[in-house]
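*Asks:* Submitted below is the structure of interest, expressed as C-alpha cells.
The values are calculated or read from the model by the stated rules, or taken from the named source; none is laboratory data. From a predicted model like this one, the values you see are computed outputs, not experimental measurements. Here the Cβ positions follow ideal geometry from the backbone for every residue, glycine too, while neighbour counts run over all protein chains shown.
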Amino acid sequence: MRRPADAVLTGGLPAEHAPAPRYGLAYLGRRYARNRLALVGLWVVLLIIGTAIFAPWVAPHSPIKTNFENLLKPPTSGHILGTDDLGRDIASRVIYGTRTSLLAGLISVGIAVAIGLPLGLLSGFYRGRLDDVLMRLTDAMLSFPFLVLALALAAVLGAGLDRAMIAIGIVFTPGFIRLSRAQVLSEREQNYVEAARASGAGDGRIIWRHILPNIVSPVLVQASLSTAAAITAEAALSFLGLGTQPPTPSWGSMLNIAQAYLSTAPWMAWWPGIAIFITVLSINLTGDGLREALDPRLRSV
Amino acid sequence: MSRFLVRRLLLTLPVLFFVSVIVFSLINLIPGDPARIMLGEEASKEALEALRKQMGLDRPLYVRYLLWLNRLVRGDFGKSVRDGRPVLDTLLLKLPTTIELAITSLLVAWAIAIPAAVLAAWKRRSAWDYAATAVGLAGISIPNFWLGIMLIYLLAVNLRLLPPSGYVEPWIDLSRNLRLMVMPSIVLGSALAALVMRLLRSSLIEVLGTDYVRTAHAKGLNERAVIVRHAIKNAMIPVVTIMGLQLSGLLGGAVITETIFAIPGFGRLAVDSILTRDYPMVQGVVLFAALAVVLTNLFVDMVYAFLDPRIRLEERPA
C-alpha cells in the first residue's frame, strides 16, 4: 500500500511519471534480510523447491516400487526412514511428496489469484451493481467452513489431485476478491489516478498500469500465506481420501495409511508430518517476512 | 438502533440467498446424472427412476431450486440416500456431540491463548514474547491431523494414559467421556489458540498505548491491575468479533478431529456422507455449517450494536 508521503511526492506529477513506489530489489532484499527467521524460512523454502525439482536424483529408491519381502521395516542404512506397508521406501516417498505438495499449493493459489484478482479489481473500480452482488456472494462463500466447502467441492468434482487443487482454489478465491477490492477502493481515490485520468488514460490503462502495480504487494503476501494453507488443505483432503490417489506419494495420504500402523510401525507417521510442518512453517515465515519488508508500517507491531 | 438492525438483517438476506444457491449448485451442477452418481453403476432402472422423480430431475433447474427452497424453509432437508431417514433428524442427533467438542476445544484454546497473549504483550520484545510468537507460528503450521496422530501415539499407544479414540455420551459415563475428549480438544483447540493468541497480542499492544491506559497508570495502578481491570476487556473485542470465524474453524477442524478420534459427530457425518456419496446429507451438512456461521456473525453484530452506540451510529464501510 502507498504511504501518504508517496502520494504527496507523486500527486502533482503527470501520471506517466507517477509509478508505484518501486523500491529496488536490493533495497527490499536488505529489508527482508534484517529478519533472521524470515531469511531461514526463505532458505528452507528454496531447499524444498530444489528437492521437488531434483527428486529423482535426491531420492535413494523409487517412491512407488513395492517390495513384499521388506514390509514395515524400521529405519536401516538401506532405508534410512524405514519402509511402509507395501515395502516402499519412506524417504523416497517423502521426497517425491514435495512435488505433490508444492504443486498443490502453487496451482490452487494460482487459480484463486487468477479469478480473484481481476474480479476484485473490477469490483472495486466500478463499484455499483457488480460490486454489490460480488460482495454478498463472497460473504456467502466465506460463511462456509473452509474445509467443509473444500471437501464438498472435492466430493462433487471427484477424487484426485487435479480436482482437489480446483476445489481448494475456488475456496480461496473470495479472499483474493476481497483483498484486491479493498486495495483498489483506497487507490482509486489517490491523486495519481486523477492525474492519469486528466492526462487522458482510459479505465483499462488506469487499472492495469497505475492501480495494479500499487496493489501487488499485499496480494503477493496473501498469496504466499495462502500457499501454506493450501498445502495443508491438500494434505487434509488426501488424508481423508479425497485428494491425491495412490500410488502417487502425498504426505496426507501417507499419514492416512500410517494411522493404521501406529503401534507396529510408528516411523510411517513421523516423516510425512514433519515434512508438512517444516514446509508450511517455512512458507509462513517467508510470507511474514515479505509482509514486513514490503510494508514498513508493520515494523512496530 | 432499529435502523441499524433492519439494515443488518436486510444485508443478511442476500447472503442467505447465495448460501442456498451455492449449496443447491453443489449437487445440481455435477456433470452427469446425479441419480446415477448417488446410487452407483449397478443401480436398478426402477431405483434410478424413483430417485430422479424424488429429486425432480425431470423439471427445469430454477423450478427445482424453488421447490427445494420451499421444502427447506419448512424444515425439510430431504432424506438420506443411505438410510432413508430425514437429513435434519440425523443432523440434530449428531450435533450435541460436536457442540461438546467445540466447547471443550474453545476452552482449551482460550486457556492457552489469553495468558500467552497477555504475557507476550506485557513483556514485549522479551524472551516470553518471542516464545509465544514462535509457539503461535508453530501452532498454525502443524497440520492438525498429524498432531492428532502423534498425540495418540504418545499418550495412548506409548504411555497408555488415555483411550486412543471413541466416544461415550457424558450422561452415560462422564469420566470416560472427559478422558476421551482430552486429545480431540487439544487438537481442535491448538490451531484456534494460535489464531486467538496472535490477534489478542496485537490488540493488547494497541490498547496498552491508549490514553485511558495511561490514565490508569497515572492513578498509580500497577501493571497487573491495568491489564486485568482495564486493558484486557477492550482488547478482547476483536477476539469476540471473529466469533463467527472461530466457529467456522471449529466446524472445519471437527471434520478432521472427529475422523481421527472416531467421534460420531457433525464432522464425521460430513466425511461419511461425502465418502458414501449421500448427497442430500452432504447438502444438509454444508448448509447447516454455513447457516451457523451466518447467524453467529449476525448475532455478534447485533450484540455490539446494543453494547456500543458508536457501531450503530457509524456507517459501515461498504
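*Asks:* Please give the number of the condition A:T264 fails out of (1) in contact (Cβ under 8 Å) with a residue 40 or more places away in the chain; (2) touching a helix residue (DSSP H, G or I) at 6+ places or on another chain (Cβ under 9 Å).
*Replies:* Here A:T264 meets the rest and fails (2).
*Asks:* Let me ask something else about it. Which condition does A:T138 not pass, out of (1) at pLDDT below 90; (2) within 14 Å of chain B (Cβ to nearest Cβ), if it passes all the others?
*Replies:* Unmet condition: (1).
*Asks:* Do we find that B:L180 is more than 11 Å from every other protein chain (Cβ to nearest Cβ) and closer than 19 Å to A:A233 by Cβ in this structure?
*Replies:* So B:L180 does not fit the description; no.
*Asks:* A:S238 - would you say it is within 14 Å of chain B (Cβ to nearest Cβ), crowded, with 17+ Cβ neighbours inside 10 Å and closer than 22 Å to A:A154 by Cβ? Can you show your working first?
*Replies:* Details: within 14 Å of chain B (Cβ to nearest Cβ): yes; crowded, with 17+ Cβ neighbours inside 10 Å: yes; closer than 22 Å to A:A154 by Cβ: yes.
Against the criterion (within 14 Å of chain B (Cβ to nearest Cβ), crowded, with 17+ Cβ neighbours inside 10 Å and closer than 22 Å to A:A154 by Cβ), A:S238 qualifies.
*Asks:* Sticking with this structure for a sec: List the pairs whose first member sits in the range A:192-203 and is under 15 Å from A:N214 (Cβ atoms), whose second member is surrounded by 11 or more Cβ atoms within 10 Å (Cβ to Cβ) and of a type in the set (K, R), and whose Cβ atoms are under 8 Å apart, counting only residues at least 6 apart or on separate chains?
*Replies:* Taking only residues 6 or more apart or on different chains, the pairs are A:A196/A:R205; A:A196/A:R209; A:A201/A:R209.
*Asks:* Can I ask one more? Out of the residues in the range B:140-177 that are assigned to a helix (DSSP H, G or I) and small (G, A, S), which is farthest from the other protein chains (Cβ to nearest Cβ)?
*Replies:* Ranking the qualifying residues of the range B:140-177, first place goes to B:S175.
*Asks:* Any chance you could count how many residues in the range A:252-263 are at the interface with chain B (Cβ under 10 Å from one of its Cβ atoms) and surrounded by fewer than 24 Cβ atoms within 10 Å (Cβ to Cβ)?
*Replies:* The total comes to 4.
*Asks:* While we're on this one: Among the residues of the range A:190-208, is there at least one that is part of a loop (DSSP other than H, G, I, E, B) and among the polar types (S, T, N, Q)? Give the steps one after another, and end with the answer.
*Replies:* First, pick out the residues of the range A:190-208 that are part of a loop (DSSP other than H, G, I, E, B): A:190, A:199-202.
In the following step, the residues that additionally are among the polar types (S, T, N, Q) were identified as A:190, A:199.
The answer is yes, given that some residue of the range A:190-208 is part of a loop (DSSP other than H, G, I, E, B) and among the polar types (S, T, N, Q).
*Asks:* If you don't mind, another one. Looking at (1) in contact (Cβ under 8 Å) with a residue 60 or more places away in the chain; (2) in a helix (DSSP H, G or I), which is the one condition that is false for B:F299?
*Replies:* (1)
*Asks:* Find the residue count for the range B:203-234, including only residues that are within 14 Å of another protein chain (Cβ to nearest Cβ), within 26 Å of B:M302 (Cα to Cα) and of a type in the set (A, V, I, L, M, F, W, C).
*Replies:* Number satisfying all stated conditions: 2.
*Asks:* Where residues in the range A:145-165 are touching a residue at least 12 places away in the same chain (Cβ under 8 Å) and part of a loop (DSSP other than H, G, I, E, B), which of them is nearest to B:I22 (Cα to Cα)?
*Replies:* First, pick out the residues of the range A:145-165 that are touching a residue at least 12 places away in the same chain (Cβ under 8 Å): A:146-147, A:149-151, A:153-155, A:159-161, A:164-165.
Now drop any that are not part of a loop (DSSP other than H, G, I, E, B), which leaves A:159-160.
Values: A:A159: 20, A:G160: 22 Å.
So the residue we want is A:A159.
*Asks:* Let me confirm something: among A:Q222, A:Q183, which residue is touching a Leu at 6+ places or on another chain (Cβ under 6 Å), surrounded by 22 or more Cβ atoms within 10 Å (Cβ to Cβ) and not β-branched (V, I, T)?
*Replies:* Values: A:Q183 fails: touching a Leu at 6+ places or on another chain (Cβ under 6 Å).
Result: A:Q222 is the single residue among A:Q222, A:Q183 that is touching a Leu at 6+ places or on another chain (Cβ under 6 Å), surrounded by 22 or more Cβ atoms within 10 Å (Cβ to Cβ) and not β-branched (V, I, T).
*Asks:* Go through A:P249, A:P272 for me and flag whichever is of a type outside the set (K, R), in contact (Cβ under 8 Å) with a residue 12 or more places away in the chain, surrounded by 24 or more Cβ atoms within 10 Å (Cβ to Cβ) and facing chain B (nearest Cβ under 9 Å). Don't jump to the end; show me each part of the working.
*Replies:* On the way: A:P249 fails: facing chain B (nearest Cβ under 9 Å).
Result of the check over A:P249, A:P272: A:P272.
*Asks:* Answer yes or no: is there a residue in the range B:185-200 that is more than 22 Å from the chain's Cα centre (by Cα), buried (at least 17 other Cβ atoms within 10 Å of the Cβ) and of a type in the set (V, I, T).
*Replies:* No; the residues of the range B:185-200 include none that is more than 22 Å from the chain's Cα centre (by Cα), buried (at least 17 other Cβ atoms within 10 Å of the Cβ) and of a type in the set (V, I, T).
*Asks:* Let me ask you something else. Any residue in the range A:166-179 that is over 30 Å from A:D295 (Cα atoms), more than 10 Å from chain B (Cβ to nearest Cβ) and of a type outside the set (V, I, T)?
*Replies:* Within the range A:166-179, one or more residues are over 30 Å from A:D295 (Cα atoms), more than 10 Å from chain B (Cβ to nearest Cβ) and of a type outside the set (V, I, T).
*Asks:* Sticking with this one: Out of the residues in the range B:186-202 that are more than 12 Å from B:I114 (Cβ to Cβ) and of a type in the set (V, I, T), state the one that is nearest to the other protein chains (Cβ to nearest Cβ).
*Replies:* That would be B:V187.
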